[in-house]
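Visitor: Have a look at this one before I ask anything.
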Amino acid sequence: MLAKQVKLKIDSCHEKSGEEADPDGGIKQLLAPVYGSRYINDPIPKYELPSSSLPPLVAYQLVHDELNLDGNPALNLATFVTTWMEPEADRLMQEALSKNYIDADEYPQTVELQNRCVNILANLFHASDSADFNSVGCATVGSSEAIHLAGLALKWNWRKRRNGEGLPTDKPNIVMGHNVQVCWEKFARYFEVEPRYVPLSENRYVLGVEEALSMVDENTICVVGILGSTYTGEYEPIEQLNQALLEMNNKTGWDVPIHVDGASGGFVAPFVSPEIRWDFRLPLVRSINVSGHKYGLVYPGIGWVIWKDESDLPEELVFHVNYLGGDEPTFGLNFSRGAGCVIAQYYNFLRLGFQGYREIMLGCQSVAKFLTDSIEQMGRFEFLSKQTDLPVVCLKLKNTHSYSVFDISEELRKRGWIVPAYTLAPNAENIAVLRIVVREGFSEDMAGLLVSDIKKVVTYLESASHPISKVAEAGFATPETTKFAAGKTKTRGVC
Ligand SMILES: Cc1ncc(COP(=O)(O)O)c(C=O)c1O
């Protein structure tokens, strides 16, 4: 997140006691701690480094108290990201707080655990099915970094092929559904690849294979298949895409590969839907990203990228550094970062095994089904999520009502539930939905409480005491209301 500069009156913080109104927006510049009388008497500047130190307890309490304003992670049903781990994992992470992941020579065993994780994932994604199993991969901060690395490798490989044939390399493009997460848009812009977005339609909320193929040409570095759309949880038709693209490549002589964005589904499908062929069993799938911090069940800060074969990762992108002692190959957008998440991922692999992950994913799916069935009984909603895919419940209002999903989201927030409402991507942007992500720890009991609160909210919104909402009054699909709704929510990049 970008931080905005707060304009300060120079010296005001040090000279004046009490709070100072910011000239631009009424933002106070000073913290006036209630603990003052016990520990400290002076106000503390908020936007400047305080001139002197504070006792640790006071600093802790000030920060701690302010963070109480954040939502409750356990009630955050907007996120796919893990909010709970076992105390043993917490302990391992705590023990690793002082370890820098990049210091491979100093922490060789952490590197070993990373390498084991890469192998485990390559196996899980069936890279090892081929006789010449030679996968490579690495840990990243999340799927976003993993996608940027995979995208770079695809761009470099495409360029190398084109250079080898004496063809121009100035117009790379990437074909993907309009429902991609914002990290793909970032990749395209940051690394100068033309994004070709396949539009959704009123009744198709993921990539259409024919529509995607119509956008592919000799300059396409890859087609993206998402295993679990961020918007609805639906899996994209990756096996069909592979087949159609194979035929196109054969006909044209092109060599367009597929990258699978398995941010969420990469840790769901292998355990509960092993029959779905979306991974390295398909010849055109050359790289896969997955978020360890989503259904990999690790706290935020870990993703993975796996290439099917060493040759899919251009050697030129790998740097070798020697200033930490020893030769260290590194491919990543970052350098230093904590080692705890890698260690916690390995802990989960050991602790849960295949069966443990399977039981948790089945449990999540069962809660998602319970939620879907219970909400369906209310008669107000239609579901865009499929119970076979991610354990996500994505719903829209069936008919026109005097309220919108945005009103439901806002009312639920008053009870503490964080359930986002947003519009789908083009050309389905006049469909507004609510999305509930079921994660480990969200029990059927909690789901029952949520259903009961949704019922209360709907009853309230339908009662005479509630003013007709701006969105619903105008009819949701007008350009003004879509704009209004878009202004209220993230239309893309819900995570
Ligand atoms: C399909 C998909 N891809 C990529 C991302 C980005 O993942 P991360 O938050 O791990 O960077 C998300 C996040 O929700 C996602 O749903």
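The values are calculated or read from the model by the stated rules, or taken from the named source; none is laboratory data. What you are looking at is a predicted structure, and each value in this text was computed from that prediction instead of being measured. As a convention, Cβ positions derive from the backbone with ideal geometry for all residues, glycine included, and neighbour counts pool all protein chains shown.
Visitor: Counting only residues that are of a type in the set (Asp, Glu) and in a helix (DSSP H, G or I), which one in region 142-192 is surrounded by the most Cβ atoms within 10 Å (Cβ to Cβ)?
Guide: 145
Visitor: Another question about this same structure. Checking the structure you have, find out if any residue of region 238-246 is away from the ligand (no atom under 16 Å from the Cβ) and without any contact (Cβ under 8 Å) to a residue 24 or more places away in the chain.
Guide: yes
Visitor: Kindly provide the set of residues from region 301-311 that are closer than 11 Å to residue 137 by Cβ and surrounded by 19 or more Cβ atoms within 10 Å (Cβ to Cβ), ordered by number.
Guide: 303, 304, 305, 306, 307, 308
Visitor: Right, something else. So which of 236, 210 is over 26 Å from residue 306 (Cβ atoms) and among the charged types (D, E, K, R)?
Guide: Selected residue: 210, the only one of 236, 210 that is over 26 Å from residue 306 (Cβ atoms) and among the charged types (D, E, K, R).
Visitor: Exactly one of these conditions fails for residue 355: (1) in the same structural domain as residue 231 (by TED's automatic domain parsing); (2) more than 16 Å from the ligand (Cβ to nearest atom). Give me its number.
Guide: (1)
Visitor: Also, quick follow-up: Restricting the search to region 116-160, which residues are closer than 17 Å to residue 346 by Cβ and modelled with pLDDT under 95?
Guide: Once the filter is applied, which keeps residues that are closer than 17 Å to residue 346 by Cβ and modelled with pLDDT under 95, region 116-160 yields nothing.
Visitor: For region 389-418, how many residues meet the condition of being under 22 Å from the mean Cα position of the chain (by Cα), crowded, with 24+ Cβ neighbours inside 10 Å and either part of a loop (DSSP other than H, G, I, E, B) or acidic (Asp, Glu) (or both)?
Guide: Counting residues in region 389-418 that are under 22 Å from the mean Cα position of the chain (by Cα), crowded, with 24+ Cβ neighbours inside 10 Å and either part of a loop (DSSP other than H, G, I, E, B) or acidic (Asp, Glu) (or both) gives 3.
Visitor: Give just the number: which of (1) away from the ligand (no atom under 16 Å from the Cβ); (2) touching a residue at least 12 places away in the same chain (Cβ under 8 Å) does residue 168 not satisfy?
Guide: Status for residue 168: all satisfied but (2).
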